[in-house]
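A.B. asks: Structure incoming, see below.
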Amino acid sequence: MPELEVHLDDMELIHKIDAARMNLVLENFAGQCQEARQIGEDFDPAGIPQRPAQIIIQGMGGSGMGGELLRSYLNSRCRVPIYLNRDYNLPAWVKSDALLIALSYSGDTEETLSCYAQARERKCPILGITSGGRLKELCSKDRNPLILLPGGMPPRTTIGYLFFPLLVICARMGLIEEQNQEITETVSLIKQLNKSYCVVSDVVDNPAKKIAYHLHGKLPVIYACQEHFGGVALRWKKQINENAKQPAFQNVFPEATHAEIVGWGNNNEINWLLGAIFLKDKDDHPRNQRRMRLCQRVIGPKAGDMIEVESQGDSLLARIFSLIYLGDYVSYFLGVFNQVDPTPIDVIDYIKKKLARETT
């Protein structure tokens, strides 16, 4: 595509770049979350143990983000440990008293299928969550419980489908308190935020477009506090990677103040290429809030840009998804700036095809 002068209020240009119309998926995100909630409520949890020793969530890429956000949200709430596995092998300590939740939107993620086979050998109960593929076939053959999701979407755009059924099921298993009020608020807030973030909202009133303007031409570095928002920072990073087709990095507090902050010590040419984003929440640990403010004093004069974003909403769940939704739109508008269709992920498809031709 030839170089164009991009203005984020130019609807004709946006639709030209966004050929696959990811904007429609973003605009319907509240509907996806509501549908996902119903999927969780319709699922019969009778086939899975009510109190496993641990929950192991196996998932990669966009599918794995559902487990990452569940772990972040339930970090101080769930009555059993939640472990997220992103590899071909399960840890040696995973035994038959652990519940494996296999997340693969396509159903053909080879790392997830590998861990499914290991869990079956160890006689772990298994819950599959997918839109089809080999995972669906295995769950049906082995008579393992299965949550079947609507298909045909890029996995990273299905975070509602990959998160909310899990949350509802955890409540129905008695592992957490019921979440009806929190989910209702979250869906309502997303509907409200879409009015501000959507493509037809002018840049002067659109926080997502404004942040994209600030980050255009820079390398984003996203910071948040570990306990509940570490997964949100990772989501921002991954969405920028896939939607905007550019590098991005993330770190969390307090860890960022134990090594990474030293990298900002010199006011050099590299730092001027970076755009620092601080994702903040009113209930971040007070000492982490202090650490964040001190880091901003260090980074502010050295970075090419520095952006603060406050979560919105009353419940923790709503506040988490307020930042997720903003990050999704920011990554979308960065893709428009970069003049790339946000939907295709040709490099990932290339690697998968090459691996599929090889024998192991």
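A.B. asks: Rounded to the nearest 20 debye, what is the charge dipole size of the chain about its Cα centre when +1 sits on each Lys and Arg Cβ and -1 on each Asp and Glu Cβ?
C.D. replies: About 1040 debye.
A.B. asks: Shifting gears a bit: Could you work out the relative contact order of the chain? I mean the mean sequence separation of Cα pairs under 8 Å and 6+ apart, divided by the number of residues, in percent.
C.D. replies: So the answer I get is 20 percent.
A.B. asks: Something else: Take peptides 160-167, 136-143 and line them up by average Cβ neighbours within 10 Å, highest first, as a rough protection proxy.
C.D. replies: Taking the mean over residues of other Cβ atoms within 10 Å, the ranking is 160-167, 136-143.
A.B. asks: Take the alpha carbon atoms of the range 221-239, find their center, do the same for the range 107-151, and report the distance between the two centers in whole angstrom.
C.D. replies: Measuring centre to centre over Cα atoms gives 28 Å.
A.B. asks: Could you pull out every residue, at least 5 positions away or on a different chain, whose amide H is within less than 5 Å of the one on Lys302? Hs are placed 1.01 Å off N in the peptide plane, and Pro or chain starts have none.
C.D. replies: none
A.B. asks: Under a point-charge model restricted to the Cβ atoms of Lys and Arg (+1) and Asp and Glu (-1), what is the dipole moment magnitude of the range 24-178 relative to its Cα centre, in debye to the nearest 20?
C.D. replies: 440 debye
A.B. asks: Now, a different point. Order the peptides 90-101, 210-221 from the highest to the lowest mean number of other Cβ atoms within 10 Å of their residues.
C.D. replies: By packing density, highest mean first, the sequence is 210-221, 90-101.
A.B. asks: Past 26 Å, Cα to Cα, is the threshold; run Lys136/Lys353; Lys16/Lys209; Lys95/Lys352; Lys209/Lys282; Lys245/Lys354; Lys237/Lys352 against it and keep the listed order.
C.D. replies: Check vs 26 Å cut-off fails for Lys95/Lys352.
A.B. asks: For a quick check: with amide H placed at 1.01 Å from N, whose amide H comes under 5 Å from Phe249's, ignoring anything fewer than 5 positions away on the same chain?
C.D. replies: When sequence neighbours closer than 5 places are left aside, the close amide H contacts are Val221, Ile222.
A.B. asks: Starting from 0 in steps of 10 Å, tell me what percent of the Cα-Cα pairs of the chain lands in each bin.
C.D. replies: The percentages, shortest bin first, are 5, 24, 32, 26, 11, 2.
A.B. asks: In degrees from 0 to 90, rounded to the nearest 10, what is the angle of the helix 159-172 Cα long axis to the longest principal axis of the chain?
C.D. replies: Roughly 50 degrees, rounded to the nearest 10.
A.B. asks: Nearest 10 degrees, 0 to 90: what angle lies between the long axis of helix 180-197 and the longest principal axis of the chain (Cα atoms)?
C.D. replies: 30 degrees
A.B. asks: Tell me, Kirkwood radius of the range 202-311 from alpha-carbon pair distances, in Å?
C.D. replies: Evaluated over the range 202-311, this radius sits at 14.2 Å.
A.B. asks: What is the range 147-200 by shape, rounded, prolate or oblate, if you read a ≥ b ≥ c off the alpha carbon gyration tensor as root eigenvalues and call it rounded for a/c under 1.5, prolate for a/b larger than b/c, and oblate otherwise?
C.D. replies: oblate
A.B. asks: Still on this structure, please answer the following. With a 10 Å radius around each residue's Cβ, average the other Cβ atoms per peptide and rank 147-154, 328-335, highest first.
C.D. replies: Listed from highest to lowest mean packing, they are 328-335, 147-154.
A.B. asks: Something else now. What number results when the radius of gyration of the range 24-178, computed over Cα atoms, is divided by 2.2 N^0.38 Å?
C.D. replies: Cα-based Rg divided by the globular estimate yields 0.94.
A.B. asks: For a quick check, take a GNM of the chain with Cα springs below 10 Å and name the residue from Ala208, Ala244, Ala256 with the largest mean-square fluctuation.
C.D. replies: Ala256
A.B. asks: Still on this model: On a 0 to 90 degree scale, rounded to 10, what angle separates helix 346-357 from the longest Cα axis of the chain?
C.D. replies: So the inclination is approximately 30 degrees.
A.B. asks: OK, next. So what's the gap between the Cα centers of the range 295-360 and the range 56-89, to the nearest angstrom?
C.D. replies: Centre-to-centre distance over Cα atoms comes out at 19 Å.
Since every read-out is calculated from the coordinates, none of them should be taken as a lab result. Fair warning: this is a prediction, and the values are worked out from it, not measured in the lab. Don't worry about glycine lacking a Cβ; one is built from the backbone with ideal geometry, like all the others, and counts go over all protein chains shown.
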